[in-house]
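The structure under discussion appears below in the form of structure tokens.
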Amino acid sequence: MLLLLIKRLFGKPGSGGNARNGAQEPPETVVARIRAGDDALRESFIADYRPYIAKAASRFCKRYIDPSRDDEYSIALAAFNEAIDGYDDDAGKSFLGFADTVIRRRLIDYVRKEQRHARSLPMSAFEGEQSGESPVNAAETAGAMDAYVTERLSESRRLEIEALAERLERCGISFTDLADRSPRHADSRAMLLGISAELASRPELMAAMERHGRLPIKELMEYCRVSRKTLERNRKYIMATALILSGDFPLLQSYLQPAVQEAAASKEVGS
């Protein structure tokens, strides 16, 4: 029902590429005007970028997404609209890069939800008829959905790891370094992830770190009240996890998020 409503609100996909209502302006400029209250511009801006939205959904799904009937397109469309409201130009990232991240996050949520649904089918759904034809074993459909979701998530994870490897390399860090230097104890990991989260929340420090390939030790000593020795000894781990937390890595972030939340809760209790 929600997906049908979204389709009705936004209409059929436009051709894209025309210059309506500022489409020739940089997307960041158009988004700023929309955020300032130009609601009519929002509609035309989304219409101009429907081909981009469809392409982003198709790229994630590894198949052609039909805007007129595929739920994935409606989800991507809603995510693009969400990105307009959530974009922060002070973060130093392009709007389309940010929108692509939001679209990917929402599609990941969608395929995970579909996977859970397929796994929870009642026994009564395992035998039935489809369009008056021969009985269909719904368990096979559930298995196919499970395999599809697993494949999509695996591919997305692979792409995230490749992108992370490039950013790590610019900081002189390899995955071998991380395997050798990762903290063994849960309390140590929680403490270091708290430092990483603090670093990731400060775009100016992240930009300086990536520019120079060095951990901003002096600033972190001030913000986190931690010793220089701790920062220097765990430099590569902090830098790598901060890159994950601040980047376009929703799947990799999901592995770190519970520990980050635990670290934040511990900090609140201790404050």
(request) Could you check how many residues of the range 146-194 are part of a loop (DSSP other than H, G, I, E, B) and small (Gly, Ala, Ser)? (result) 3
(message) Suppose we keep only residues that are of a type in the set (Gly, Ala, Ser) and at pLDDT 90 or above within the range 189-199. Which one would you say is surrounded by the most Cβ atoms within 10 Å (Cβ to Cβ)?
(response) SER196
(request) Can you give me the number of residues within the range 195-216 that are among the charged types (D, E, K, R), assigned to a helix (DSSP H, G or I) and more than 19 Å from GLN253 (Cβ to Cβ)? (result) 2
(request) Could you please find all residues in the range 223-244 being surrounded by fewer than 17 Cβ atoms within 10 Å (Cβ to Cβ) and within 12 Å of LEU199 (Cβ to Cβ)? (result) TYR223
(request) Starting from the range 48-62, take each residue that is more than 21 Å from ARG112 (Cβ to Cβ) and list its partners that are outside any helix (DSSP H, G or I) and among the aliphatic types (A, V, I, L, M), counting only C-beta distances under 7 angstrom and pairs at least six apart or across chains. (result) ASP48/ALA23; ALA54/ILE65
(message) Pairs please, first residue from the range 243-269 and modelled with pLDDT under 75, second anywhere and of a type in the set (D, E, K, R) and part of a helix (DSSP H, G or I), Cβ atoms under 9 Å, 6+ apart in sequence or on different chains.
(response) ALA259/ARG189; ALA263/ARG189; SER266/ASP187
(message) Quick check on the range 72-128: of everything there that is β-branched (Val, Ile, Thr) and at pLDDT 90 or above, which residue is surrounded by the most Cβ atoms within 10 Å (Cβ to Cβ)?
(response) ILE103
(message) When you scan the range 223-238, do you find a residue that is in contact (Cβ under 8 Å) with a residue 40 or more places away in the chain and among the basic types (Lys, Arg), even just one?
(response) yes
(message) With surrounded by 15 or more Cβ atoms within 10 Å (Cβ to Cβ) and within 30 Å of ASP109 (Cβ to Cβ) as the only criterion, which of ARG202, ARG158 stands out?
(response) ARG202
(request) Find all pairs meeting these conditions: Cβ atoms under 8 angstrom apart; at least six residues apart or on different chains; first residue within the range 165-194 and in the same structural domain as LEU256 (by TED's automatic domain parsing) and closer than 14 Å to MET239 by Cβ; second residue part of a loop (DSSP other than H, G, I, E, B) and modelled with pLDDT under 85. (result) LEU192/PRO183
(request) For the range 202-214, name all the residues that are closer than 15 Å to LEU245 by Cα and touching a residue at least 24 places away in the same chain (Cβ under 8 Å). (result) PRO203, MET206, ALA207, MET209, GLU210
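The values are calculated or read from the model by the stated rules, or taken from the named source; none is laboratory data. Fair warning: this is a prediction, and the values are worked out from it, not measured in the lab. In this analysis, Cβ positions are derived from the backbone assuming ideal geometry, glycine residues included, and neighbour counts consider all displayed protein chains.
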